[in-house]
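Here's the structure we're looking at; comments come further down.
The values are calculated or read from the model by the stated rules, or taken from the named source; none is laboratory data. No experiment lies behind these values; they were computed from the predicted model shown. Please note: Cβ atoms are built from the backbone with ideal geometry, for glycine as well, and neighbour counts cover all protein chains shown. In case anyone asks, the SASA skips ligands and DNA or RNA and just uses the protein heavy atoms, side chains included. Shrake-Rupley method; radii C 1.70, N 1.55, O 1.52, S 1.80 Å.
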Amino acid sequence: MRKKKSNKNKSSASISRFNPKPNEGLSQKQISQRTQENLVNISNIKTSKSIGSILFKNIFTFFNMTCLVVALALISVGAFSDLLFLVIVILNTVIGIVQEIKAKKTMDKLSLTNSNFTKVIRDSEEQEIYKTEVVLDDVLVLNPGMQIACDSIVIDGHVEVNESLLTGESQPVKKDKGDSLLGGSFISSGTCRAKVNKIGNENYISQLSEKAKSFKQAKSELLTSLRNLIKIITVFMIPIAILMLYNNYTYYTANPAEEYSTLYMVITKTSGCIIAMIPAGMFLLTSVALAVSVMRLAKKRTLVQELYCIEMLARTNVLCLDKTGTLTNGSMSVKDVVLLGKKTEKDVDKIISSMVNAFHDANQTALALKAYFGKPSYTADKSIPFSSERKFMGCKFRNVGAYKLGAYEYVMDKPTAEIKKMAEEYAQNGYRVLLLAGCDNNFSNTNCTPVALVLLQDNIRKDAPKTIEWFKKNDVDIKIISGDNPVTVSEVARRVGVENYDKYISLHGMSNTEVMEAATKYAIFGRVSPEQKAILVKALKAQGKTVAMTGDGVNDILALKEADCSIAIAAGSDAARSVSQLVLLDSNFSSMPNVVAEGRRVVNNIQKSSSLFLMKTIFAICISLFVLCMNKTYPFSPIQFILLEMFVIGLPSFFLALQPNINPIKGKFLSNVAKNTLPAGICLVGVTIAMYVYQMFTGITTEVLVTMSSIGIIVVGFIALFRMCKPFNWFKSIMYVACAGICIACVIGLFDLFKYVPISYYDTLFLIVVCQASYPVYMVLNKLFELSSNTVPPTES
């Protein structure tokens with residue numbers, strides 16, 4: 001019988017002595033052998049929640065378990081009609097599970113297109129394969145911006161590697177032949193070929209588990225607020241439930257009911273108190289709303305890698321953009337070459353073409369230079385690749401000399417006044433200016449001889465001006481952070497309509513303190529190093545700003561990790577995509593407003609829906625305390641809240657949560673919810689206490705009191721729902737009328753099911769008067785809370 005393969009990677013130490021040639025790699029036979037032996041780069045690290053964890057998280061919640069205990073208690077006394085609340089609990093749980101699983105599948109599907117390929121040499125040919133298809137001893141081809149698929153050893157070339165995701169060290173580490181590379185790190189500059197010496201779970205990144213997580217968890221106010229709400233409700237619910245159980249027991253022991261046993265009455269009334277305090281579905285509704293947003297954004301080619309980052313982007317009031325790939329489409333073209341020395345145009349063409357072809361860089365600057373200057377004429381004896389820190393590349397050619405190409409202030413220590421003037425003038429016209437200069441064999445900045453200026457130009461995205469205008473109208477400040485000349489960046493910013501485009505500064509040579517001071521004074525930042533980008537983001541956050549950062553390269557990693565919300569352009573490097581919470585898969589900057597709109601819809605609508613859920617909780621807590629103080633039994637059974645929970649709170653809140661809402665988010669979530677909840681909660685309590693007062697004067701039975709209170713509570717609930725639905729559209733109108741109609745039909749047609757009793761003409765008149773009075777009281781209370789907090793009422797949309 002054929003043995004089943006083990007899923008566990010075998011130890012690589014036993015056969016890793018094999019040394020493939022850099023230009024040949026493994027043969028197909030060797031690849032097949034390693035695949036059969038399961039020496040493939042498959043790791044147990046999870047990229048998204050498992051279905052099991054989704055089921056566990058949605059089923060085994062504190063409130064679900066509380067409802068289960070209550071249900072078991074009701075079953076034990078035969079109170080089956082009071083179990084209808086389980087329908088709401090089950091529906092909420094099932095909807096939450098289904099939507100989260102749909103979102104998981106959508107995210108997993110999109111993730112397949114995001115940062116999953118690597119280049120290898122096999123059978124002497126360069127191939128692009130999935131990272132999970134890499135086998136032990138494969139030869140990786142590594143270029144700038146690429147993420148290293150596995151732990152490996154350099155066998156040809158030299159590179160600088162950014163290991164900040166693994167070690168926390170931001171400075172690039174130089175790697176030469178024989179040096180080890182860590183899987184999960186990124187190539188900052190240079191090119192090399194490396195032999196894979198560890199795969200799967202043996203990789204260093206796999207050993208780090210939590211530490212190896214690429215993007216940080218968004219600091220969600222929504223999530224924090226919901227968790228705090230659970231704690232607050234629990235603090236009230238547990239002691240009240242215990243006191244109510246004791247109170248009901250002593251009352252029904254002394255005053256036995258005629259139709260039911262004492263235990264039946266104690267269990268049903270205490271259960272009614274507990275169920276009323278639980279905001280069933282509020283927390284699941286938040287997960288559902290976010291999950292729906294994930295799927296909506298997926299249709300617009302936006303991958304959400306961290307659920308609550310949608311909220312953080314919606315709260316953003318400062319957006320930091322890297323010029324390349326966002327304002328511009330990433331492509332560049334050489335417009336002119338200005339000769340400065342004795343070299344001819346032909347000499348310059350040969351030098352620059354040989355320099356750019358000495359490296360395998362695939363960035364847009366390199367591609368533009370290769371396209372313009374053509375094939376190489378010389379072979380480099382010595383070279384130094386371009387990096388974000390150096391901002392120049394260098395090559396030494398035999399019998400020709402050594403040359404540097406890059407930003408003029410980095411190529412030369414003391415550029416001449418003429419070069420400065422020329423470079424600034426070209427930059428003001430929107431050109432990116434590179435200086436070619438002769439230098440010594442060590443590529444030092446002293447005694448350099450200017451040879452030529454190369455003028456390149458970015459191509460502006462067609463949709464950039466419209467997108468920038470959208471952010472301006474929505475009170476989001478734009479900051480442009482770039483490694484280019486600030487004058488050039490300023491001109492690009494002017495062309496796309498960025499406010500304060502003329503407030504620009506070069507951060508070259510600035511101290512960290514100076515950079516932090518400049519953060520709020522300027523809108524355009526040029527000659528920015530990767531570390532300075534992160535400092536700018538940190539400084540803005542220190543001023544109380546919520547900062548989003550877009551990026552597409554290795555030099556953006558630190559700033560992306562520092563930002564409240566990080567967005568990557570998919571056309572950029574693996575590095576940016578891996579650390580970002582959002583990835584624009586079509587590399588379309590105009591998708592950003594859609595993401596912000598989704599976040600605003602979620603937060604604003606969840607605030608509305610939460611207010612509906614919590615008004616019942618406030619009511620239940622207050623009435624429980626009232627009856628405890630009055631030494632009375634709790635009047636309601638669980639079934640008498642079903643109409644309120646299902647047709648005033650449950651279904652309407654679900655549909656309201658999915659409605660469009662692009663209003664800017666103002667204020668804190670908890671305070672906004674409290675101010676919207678308290679007026680309705682107070683009115684619900686007021687209606688019920690009014691019935692108790694009416695009972696004192698008229699002597700109505702407890703059953704009549706419960707019937708009048710239950711109907712009054714439903715009416716007040718619809719008054720609150722009416723306000724939450726404003727402004728009405730056809731969908732909200734149909735929903736509101738349908739829910740109201742169902743409630744009226746149930747009250748009339750299913751009188752016995754809800755344990756209602758007939759009420760007299762005068763009882764009905766009093767109920768109508770109380771309900772009519774509750775509307776102006778509710779509106780006045782709302783007005784008072786709005787004036788006290790200066791918040792925008794939820795009716796504005």
³J(HN,Hα), Karplus 6.51/-1.76/1.60, whole Hz, each residue of region 742-759, x for Gly, Pro: 4, 5, 5, 4, 5, 5, 7, x, 10, 4, 5, 4, 8, 6, 8, 10, x, 10
Total formal charge among the other residues, if their Cβ is under 14 angstrom from that of K732, Lys/Arg +1 and Asp/Glu -1: +3
Within the accessible area of the chain (1.4 Å probe), percent carbon and sulfur: 57
Cα gyration tensor, region 289-358 - rounded (a/c under 1.5), prolate or oblate: prolate
Loop GluC sites (Glu not before Pro), region 395-500, which have at most 13 other Cβ atoms in a 10 Å radius of their Cβ (DSSP): E499
Protection proxy ranking, peptides 534-542, 185-193, average beta carbon neighbours within 10 Å, highest first: 185-193, 534-542
The chain, helix-only ellipticity at 222 nm - DSSP H runs n ≥ 4, -39,500 (n - 2.57), divided by all residues, nearest 500: -15500 deg cm²/dmol
Solvent-accessible heavy-atom area per residue, rounded to whole Å², over region 537-643 at 1.4 Å: 21
Antiparallel DSSP beta bridges within the chain, percent to nearest 5: 75
³J(HN,Hα), Karplus 6.51/-1.76/1.60, whole Hz, each residue of region 222-239, x for Gly, Pro: 4, 5, 4, 5, 5, 5, 5, 4, 4, 4, 5, 5, 4, 4, 7, 5, 5, x
Under 20 Å from the Cα of K342 - aspartates and glutamates, other chains or at least 8 residues apart: E418, D440
Cα gyration tensor, the chain - rounded (a/c under 1.5), prolate or oblate: prolate
Radius 13 Å from Cβ of G272, net charge of other residues (Lys, Arg +1; Asp, Glu -1): +1
Helix axis angle, 530-542 relative to the chain longest principal axis, alpha carbon, degrees: 30
Angle between the chain longest axis and helix 364-373 axis [Cα atoms, degrees, rounded to 10]: 30
Farthest positive-ward along the chain dipole, Cα basis, beta-carbon charges - from S188, A519, Q659: S188
Surface/4 estimate of mean projected area, convex hull on alpha-carbon atoms of region 493-567, nm²: 5.0
Shape category assigned to region 257-311 from the gyration tensor of Cα positions, a/c cut at 1.5: prolate
Lys/Arg +1, Asp/Glu -1 at C-beta; the chain dipole; positive extreme among A241, S590, I642: S590
Trypsin sites (Lys or Arg not before Pro) restricted to region 314-418 and DSSP loop, no more than 12 other C-beta within 10 Å: K342, R398
Semi-axes of the equivalent ellipsoid for region 332-390, Cα gyration tensor, largest first, Å: 18, 15, 12
